[in-house]
1. If you place +1 on the Cβ of every Lys and Arg, -1 on the Cβ of every Asp and Glu, and leave all else neutral, what size is the dipole of the chain about its Cα centre, to the nearest 20 Debye?
2. With a point put 7 Å past each Cα toward its Cβ, work out how far Lys299 is from His180 in nm, to one decimal.
3. Among Leu274, Leu229, Leu114, determine the one that fluctuates most according to a GNM of the chain built with springs between C-alpha atoms less than 10 Å apart.
4. With a point put 7 Å past each Cα toward its Cβ, work out how far Asp209 is from Asp100 in nm, to one decimal.
5. Check the straight Cα-Cα distances from Lys151 and name the aspartates and glutamates below 16 Å, setting aside those fewer than 8 residues away within the same chain.
6. How large is the Kirkwood hydrodynamic radius of the chain, counting all unique pairs of alpha carbons, in Å?
7. Ile384 to Asn306: FRET efficiency via 1/(1 + (r/R0)^6), r the Cβ-Cβ distance, R0 25 Å, to the nearest 0.05?
8. Only Cα pairs under 8 Å and at least 6 apart count here; give the relative contact order of the chain as a rounded whole percent.
Amino acid sequence: MLKFFKIFVLTLFLIFFKNPLAYSTDQKIIVGLLVPLSGDNKNLGELIVKSTRMALKEIDSNNLEIYPKDTASDPNKTLRSALELKKLGAKVIIGPVFFDNLIYLNEVDDVIFLSLTNKTSNLPKNIISSGVNSVSQLNTIKKFVENNEIKKTIFLTPDLDYKEEIKKAINKSKIKVYKHYVYNTEPTKLTKQIEEITNYKIRKQNLADEIKRIEKSDLEDKEKRIERLKKKYTIGNVNFDSVVISDFDESLKSVITSLLYTDVSPKKKYFITLNQWFDESLLSEKIIQPIYFPSINRKNLDDFNNKFNKTYNKMPNHLSLLAYDLLGLIYFLSLKKSDLTNINDLFKKKNSFKGKIGIFDIQNNQIYHRLNFYKIENNNFKKIF
């Protein structure tokens with residue numbers, strides 16, 4: 001029965017985007033769009049507007065309308081714009097982009113907001129986080145860990161505001177964690193913590209002690225043994241098989257560099273991180289490879305980027321792709337319910353939808369993503385599953 005349901009959902013998606021007029025509804029579907037159209041994040045908002053217009057054109061329904069409104073990346077402006085969209089008849093709104101802009105939206109009754117944030121904690125009751133959240137990512141990492149029979153996994157999480165999201169995701173995904181460390185991002189303190197986590201000083205002392213022992217021995221080949229030992233940095237293993245580093249950009253590289261300094265190599269232990277959105281700066285860092293991470297399907301992302309660039313002569317960002325898919329999701333759900341007054345009910349029921357970003361699983365006002373898993377090695381992104 002489950003297999004039939006999945007096939008049915010995916011078939012509907014193909015019909016909607018290849019032949020959307022095969023299904024129609026007489027009711028106008030008014031969708032609001034809350035994005036920054038002024039201020040420092042104006043360019044981001046404009047890219048999202050363009051992506052939803054591209055999706056609207058492909059859906060090709062006279063009954064679907066989308067109205068963008070400016071948030072100016074300000075919570076008060078976001079609330080005013082949301083109320084204006086409600087007056088226009090919007091029952092579902094894509095946005096806002098930023099978590100900080102959500103704080104007053106519980107004042108807007110009978111409207112569902114599909115925020116582009118990936119944070120899931122402390123959300124107003126009418127907000128659904130649609131970003132690629134940490135639970136979706138850890139569900140995928142869990143699959144990789146189990147497939148490879150990895151027994152001891154430690155987590156390294158920076159002492160930043162999203163550390164509670166990671167803790168919550170660990171519990172919800174039920175991934176087996178040997179130990180979870182929260183580290184200080186200040187380089188000197190970080191290195192000291194990594195030394196403690198990896199028992200670096202003890203392992204380094206083990207090496208010094210072994211060299212002394214061999215030097216005092218009567219072994220015939222002791223010079224060769226000492227020579228081999230002096231090429232090592234430590235003796236002894238660390239008490240984990242894989243490490244999940246919940247970090248990004250230069251901070252991620254700093255953590256991996258600290259692990260390398262303590263003689264923990266990605267060639268011997270699995271180095272796993274969160275969704276890096278195919279950060280190409282990681283490709284040239286061969287010394288820190290291989291690195292594993294969950295993400296959306298890269299081919300779909302490349303196809304979308306090429307189509308967007310061909311249409312608008314500029315490159316989108318990943319939030320553009322998410323907004324593009326969300327409009328398709330709303331249209332898909334609207335065809336399942338003739339009365340959009342209680343569209344909230346559609347997000348409580350179990351539904352699945354396949355978009356460019358991948359498959360959305362919807363239930364109890366939560367959206368999760370089924371992600372792929374990738375490996376960075378030899379200047380390439382390699383798909384694992």
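Only the coordinates and a few stated rules stand behind these numbers; no lab work does. Just so you know, these numbers come straight off a predicted model, no measurement behind them. Reconstructed Cβ throughout: ideal geometry from the backbone, glycine too, with neighbour counts over all protein chains shown.
1. Numbers: 63 positive and 45 negative charges, 240 e Å.
In debye, rounded to 20, the chain gives about 1160.
2. It is 3.6 nm.
3. Its mean-square fluctuation being the largest, the pick is Leu229.
4. 5.2
5. Partners within reach: Asp241.
6. On the way: mean 1/r = 0.0431 Å⁻¹.
Over the chain, the inverse of the mean reciprocal pair distance is 23.2 Å.
7. E between Ile384 and Asn306, to the nearest 0.05, is 0.55.
8. 17
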